[in-house]
Amino acid sequence: MNWLGLTNEVTIKVYHGYGYGDQLVIYGHVFKLSPTPRKKYRKSFLRNTWALLRLFMVKPYAGLQLEMIWKEQVHHCKTDLDGFFKFDWKSEPPLEQGWSEVTVKAKINNSIIAQSQGHLFIPYSTQYGFISDIDDTFLISHSSNLRKRLFVLFTQNARTRKPFDGVVQHYQLLAESNTTGDAPNPFFYVSSSEWNLYEYILEFTRVNGIPKGVFLLSQLKRLNQLLKTGQNNHKTKFTRIVRILESFPNQRFVLLGDSSQQDPYIYEAIVSHFPKQIHAVYIRDIYAKNKHKAADVLKKIESKGVPCCFFEHSSDAILHSRKIGLIAGKVLV
């Protein structure tokens, strides 16, 4: 198993959680079979292909009793059919802002069979929050072309994949928009990519300096569903964004996405439901066939009083952010 980069030991994956008001939430999965963390990142087709396949070689652990410890509190839940778990609990306000650690333990007959640490983010009292797509918004992915998307996934890895030029600078500027580096704006990454790719995406953002944030991904897939990765999760994406907005009713949000799939339409629906909470919408022009349709949708959003930016290059998005006062600096003419 170790030689194959797999483990049949019970493994708990804890994803970044978040808090709001007196409410806190954190997600994760428990597996009977799962990939071990990748240690070497070589430019090898075979290694990268196998590393990707391993991410979908999982066997969820259903109905397992879990215990979570946060500060001096202890909470319990059970995993569902695909091994997914969610701790949703309340704490006495005010909550300590920033990142804190939680411990999740798996138990059978009160005996601990596995445990893992995770991190919970409680946003600072800042003016803005940011909700961003991942594929073809900051990570070059070719989402509109399944053959190209799979080729990139199979032949590259989290350290060789590339972000769009200028996007890291834009996101870093947004993280400090009307605040400071020690109290950054919260980032939520909502994507149609599956939870299988969580560690992959987390490593990519770490290596490239994308602001640390909370990920809300799509339902886990098995190996026989690999060819459907990143597809057909647009309705749940809308629901996940709504969940964030409802959690932070006093926060103004900026939405960032791309034109390759459904982001313009999802964001239009979000603006219709939460007009007072959306400060601006950014759509990367990545798919020529959708160019005119996406532009028309953004015009509808602008007619509701929400500034939009339809751009090919992140330098134009940065210029727009300066123009509307989202980030500091003069607008160069």
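The values are calculated or read from the model by the stated rules, or taken from the named source; none is laboratory data. What you are looking at is a predicted structure, and each value in this text was computed from that prediction instead of being measured. As a convention, Cβ positions derive from the backbone with ideal geometry for all residues, glycine included, and neighbour counts pool all protein chains shown. Protein only, heavy atoms only, side chains kept; ligands, DNA and RNA dropped before computing areas. Shrake-Rupley method; radii C 1.70, N 1.55, O 1.52, S 1.80 Å.
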Rounded to the nearest 0.05, FRET efficiency between Glu92 and Val25 (Cβ-Cβ, R0 22 Å) equals 0.85
Expected max-MSF residue from Pro275, Pro123, Pro35 in the GNM of the chain (alpha carbon, under 10 Å) is Pro275
Expressed per residue, the solvent accessible area of segment 236-282 in Å² (1.4 Å probe) is about 36
If every Lys and Arg gets +1 and every Asp and Glu gets -1 at its Cβ, then about the Cα centre segment 195-279 yields a dipole, in debye to the nearest 20, of 220
The base-10 log of I(q)/I(0) that the Debye equation returns for the chain at q = 0.09, 0.11, 0.14 Å⁻¹, one scatterer per C-alpha, is -0.49, -0.73, -1.18
So Ala183 and Tyr124, fully extended at 0.36 nm per residue minus their Cα-Cα distance, gain in nm 20.6 nm
DSSP beta bridges in segment 1-152: the antiparallel percent, rounded to 5, is 95
So the angle from the long Cα axis of helix 263-273 to the longest Cα principal axis of the chain, reported in degrees to the nearest 10, equals 80
To the nearest 10 degrees, the tilt of helix 146-155 (Cα long axis) against the first principal axis of the alpha carbons of the chain is 60
Taking the dipole of segment 118-247 about the Cα centre (Lys, Arg +1; Asp, Glu -1; charges at Cβ), the one of Thr180, Ile122, Leu150 that reaches farthest to the positive side is Leu150
Restricted to the chain, the DSSP antiparallel beta bridge percent, nearest 5, is 65
For Leu33 and Ser116, extending 7 Å from Cα along the Cα-Cβ vector and measuring point to point gives, in nm, a value of 1.8
For Gln261, other-chain or 5+-apart residues with amide H closer than 5 Å (H placed, Pro excluded) are none
Using a 1.4 Å probe on heavy atoms of the protein chains only, the accessible area for Val152 in Å², nearest 10, reads 10
In the neighbourhood of Ile134 defined by beta carbon distances under 12 Å, the net charge of the other residues (Lys, Arg +1; Asp, Glu -1) is -3
All alpha-carbon distances of segment 100-187, grouped into 5 Å bins from 0, give the whole-percent distribution 3, 11, 14, 13, 12, 13, 14, 11, 6, 2, 0
From the cross-link list Lys212/Lys276; Lys13/Lys212; Lys212/Lys289; Lys162/Lys299; Lys43/Lys221; Lys13/Lys78, the entries with a Cα-Cα span beyond 22 Å are Lys212/Lys276; Lys212/Lys289; Lys162/Lys299; Lys43/Lys221
Here Rg/Rh (Cα, Kirkwood) for segment 18-127 equals 1.06
The percentage of the accessible area of segment 125-253 (probe 1.4 Å, all protein chains present) made up of carbon and sulfur atoms, to the nearest whole number, is 49
To the nearest 20 debye, the chain has a Cα-centred charge dipole, built from +1 on Lys and Arg Cβ and -1 on Asp and Glu Cβ, of 1200
Taking the dipole of the chain about the Cα centre (Lys, Arg +1; Asp, Glu -1; charges at Cβ), the one of Val14, Tyr200, Leu4 that reaches farthest to the positive side is Leu4
To the nearest 20 debye, segment 7-148 has a Cα-centred charge dipole, built from +1 on Lys and Arg Cβ and -1 on Asp and Glu Cβ, of 1100
per DSSP, antiparallel bridges as share of beta bridges in segment 132-241, % nearest 5, sits at 25
Computed over segment 234-317, the relative contact order (Cα-Cα under 8 Å, seq sep at least six) in percent reads 29
Given GluC sites (Glu not before Pro), DSSP loops and at most 15 other Cβ atoms within 10 Å, the longest exposed-site-free stretch of the chain is 97-311
For the chain, longest principal axis from Cα atoms; helix 198-208 axis from its Cα atoms; angle between them, nearest 10 degrees, is 50
